[in-house]
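Every number in this text was worked out from the coordinates using simple rules, so none of it is lab data. Bear in mind that the values here come from a model prediction, so they are computed numbers and not experimental data. Cβ placement follows ideal geometry from the backbone for every residue including glycine, while neighbour counts extend to all protein chains displayed.
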Ligand SMILES: [Zn+2]
């Protein structure tokens, strides 16, 4: 029997339930929605979580689509799922947990007697620690972004190769291979010996069908490659960036992009221009280095210094 919160599944069974993590401001208990898919045969354990950032819903779209397709009688091993990590942020459709104004993915491995976010991180990190592989489904928030997978343990980590392999199996086509900030699950779980990636399924407000499909295909690739399901996976070469240059607005006004997501850019190429309200050019911003146009803001209006776009640099194939 495998148990996760109130969900319990014997071999060959699926169950869903709630993982209690505390109480809301009105004193009612709340729990994260969880699923356990217990394969009929022994095997590895995969942990999948979504909505660590409350406005990143594509991962939830993946979970909603993948879980009903999983037949435990065909499965070897166990899949543990938390469909919605950032409970409070999800309620108000915001990125950060409004209870403590914290970004969940800076609080791992969490603290069971800490802040609201730290407690949720601790509860979900405990589940991740039971797994052999972890997928932490994110997206570029509401910015526009490529579909990519992030390897966050850093190139000198003992699990770097395993994390890169997992990213290749997930196969979004692009990989950002760069050590992440403290407190990310994809940086912390490899310290426990668990290969972990942070798939970034595009970026949008609400759901994006193409990105959700990348996520669904990625999960099934992982299930086949690591022996949860029968079938072969043909590994495809991924475009990897190990640098990530961010560009801000040199002046306030309206941004027009000169590059599309996925475009190769050379040093000196114009990335975007800023005009005033009546179309008069105020600034042109060029790429400092060669790379791939990776992420861009959604709204055109910017203040001086405000984030505009990112270019993935030091690009190779692996
Ligand atoms: Zn995120």
Item to check | Matching residues, the stretch 128-153, being away from the ligand (no atom under 13 Å from the Cβ) and over 16 Å from residue 170 (Cβ atoms) | outcome: 128, 129, 130, 144
Checklist entry - Hey, which of the helices (runs of 4 or more DSSP H) in the stretch 104-197, taking only ones fully inside, have at least 3 residues that are surrounded by fewer than 23 Cβ atoms within 10 Å (Cβ to Cβ)? => result 116-128, 160-170
Next on the checklist: For the stretch 53-82, which positions are in a loop (DSSP other than H, G, I, E, B), in contact with a strand residue (DSSP E or B) (Cβ under 6 Å, 6 or more places away or on another chain) and within 15 Å of the ligand (Cβ to nearest atom)?
Outcome noted: 56
Next on the checklist: Considering only residues that are in contact with a helix residue (DSSP H, G or I) (Cβ under 8 Å, 6 or more places away or on another chain) and more than 14 Å from the ligand (Cβ to nearest atom), which ones fall in the stretch 35-52?
Outcome noted: 35, 37, 38, 39, 40, 46, 47, 48
Item to check | Odd one out for residue 273 among (1) in contact (Cβ under 8 Å) with a residue 24 or more places away in the chain; (2) at negative phi | outcome: (1)
Checklist entry - In the set 105, 97, 111, which member is within 16 Å of the ligand (Cβ to nearest atom) and out of contact with any strand residue (DSSP E or B) (no Cβ under 8 Å at 6 or more places or on another chain)? => result 97
